[in-house]
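The values are calculated or read from the model by the stated rules, or taken from the named source; none is laboratory data. Everything quoted here is computed from the prediction, not taken from an experiment. So basically every Cβ, Gly included, is an ideal-geometry build from the backbone, and we count neighbours across all protein chains shown.
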Amino acid sequence: MASPSATDSSTVRVALAAQNQLGEGAIWNPLDSKLYWVDIEGQQLHVFDPTTGQCRQLPTTARIGTVVPARGGEVVVAQQNGLHRLNTTTGASTLLVNPLTEPSLRFNDGKCDPAGRFWVGTLDMDDRPRRAALYRLDPDGHLHTMRTHITISNGLAWTADRKTMYYIDTPTHVVQAFDYDNATGAITNARPVIRIPEADGDPDGMTIDAQGHLWIALWGGGQVVCYDPATGQKQRSIPVPAPQTTSCAFGGPDLRTLFITTARQDLSPEQLRHYPLSGSLFAVEPGVAGVPANIYVG
């Protein structure tokens, strides 16, 4: 592990030269060994096989915030018009639940917890603060509101011992830890464990590695940073040649490749000339392994 706050020399490469408006929600599906991510504004789900370089795009009926694996060749997607089960072979979509009643709200990032529940949050597209929420969809189909007065619900991760959940509400520039009850899905005892300097960028998507360190994509920062939540100290920074760095996920056969999504949204024509690869999927081998993604078991 590099010294604290060190800039990483690992070589970031283009895994797929996409032109995503708002690439997000990267996750390695352990059931089919493919990388999934979404283009929120492009209203597409991407399914990428790095061994062949082939990528399929599945159109959605609305803005799509995130995707998680499910059983039976399906995924669960969080769209602006609700949470849906989606068959990635046929494209058939089934609405599960839609708690969103305001047209300015949409779903954003989400992940499954170790017990197979789907946690997903929202944001307000009119930039009104504290109008969003964090939800938990249980395997039996019941939806629970877990947190309110959120502004931009983002990254989630759980520790290997299933006792701690990490969570990002982007404008706070804080990663919060909660005591997590794997049996019930309850979260308690919120506390800050990492503070991201505003100059570094806005904390967006997040994943956890096998050592328990958190990897966080920084929107506007053109980097993915690694923090030790036990100390709150930054361990590494991996520069990405795209300022709007959005999410990251460990994948590949040994979970040792870090895939990174990016966006073109909110970049000026001059910035796009300087960063023409914005919107692409990037990859890097940082020398550590991730952990398998959790699957929705409903």
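Observations, loosely collected:
- Lone qualifier among Arg136, Arg162 - being over 13 Å from Met206 (Cα atoms) and either surrounded by fewer than 19 Cβ atoms within 10 Å (Cβ to Cβ) or in contact with a Cys (Cβ under 8 Å, 6 or more places away or on another chain) (or both): Arg162
- Top-ranked residue of region 266-298 - restricted to ones that are among the polar types (S, T, N, Q) and either buried (at least 18 other Cβ atoms within 10 Å of the Cβ) or touching an Asp or Glu at 6+ places or on another chain (Cβ under 6 Å) (or both), ranked as farthest from Leu83 (Cα to Cα): Ser278
- Scanning region 37-54 for residues that are outside any strand (DSSP E or B) and either of a type outside the set (Ser, Thr, Tyr) or out of contact with any Pro (no Cβ under 9 Å at 6 or more places or on another chain) (or both) turns up Ile40, Glu41, Gly42, Gln43, Pro50, Thr52, Gly53.
- Put simply, of Arg236, Arg273 the only residue that is touching a Cys at 6+ places or on another chain (Cβ under 6 Å) and charged (D, E, K, R) is Arg236.
Here is a yes/no grid of residues against (1) modelled with pLDDT of 95 or more; (2) under 19 Å from the mean Cα position of the chain (by Cα); (3) surrounded by fewer than 24 Cβ atoms within 10 Å (Cβ to Cβ):
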{"residue": "Ile27", "(1), (2), (3)": "yes, yes, no"}
{"residue": "Val38", "(1), (2), (3)": "yes, yes, no"}
{"residue": "Val47", "(1), (2), (3)": "yes, yes, yes"}
{"residue": "Thr61", "(1), (2), (3)": "no, no, yes"}
{"residue": "Ser104", "(1), (2), (3)": "yes, no, yes"}
{"residue": "Asp113", "(1), (2), (3)": "yes, yes, yes"}
{"residue": "Phe118", "(1), (2), (3)": "yes, yes, no"}
{"residue": "Gly121", "(1), (2), (3)": "yes, yes, no"}
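- Residues that are over 19 Å from Ala26 (Cα atoms) and part of a strand (DSSP E or B) occur at least once in region 76-89.
- Every pair of residues 6+ apart whose Cβ atoms lie under 8 Å, when the first sits in region 192-219 and is at positive phi while the second is assigned to a strand (DSSP E or B): Gly201/Leu218; Gly201/Trp219; Gly201/Gln223; Gly201/Thr245; Gly212/Asp228
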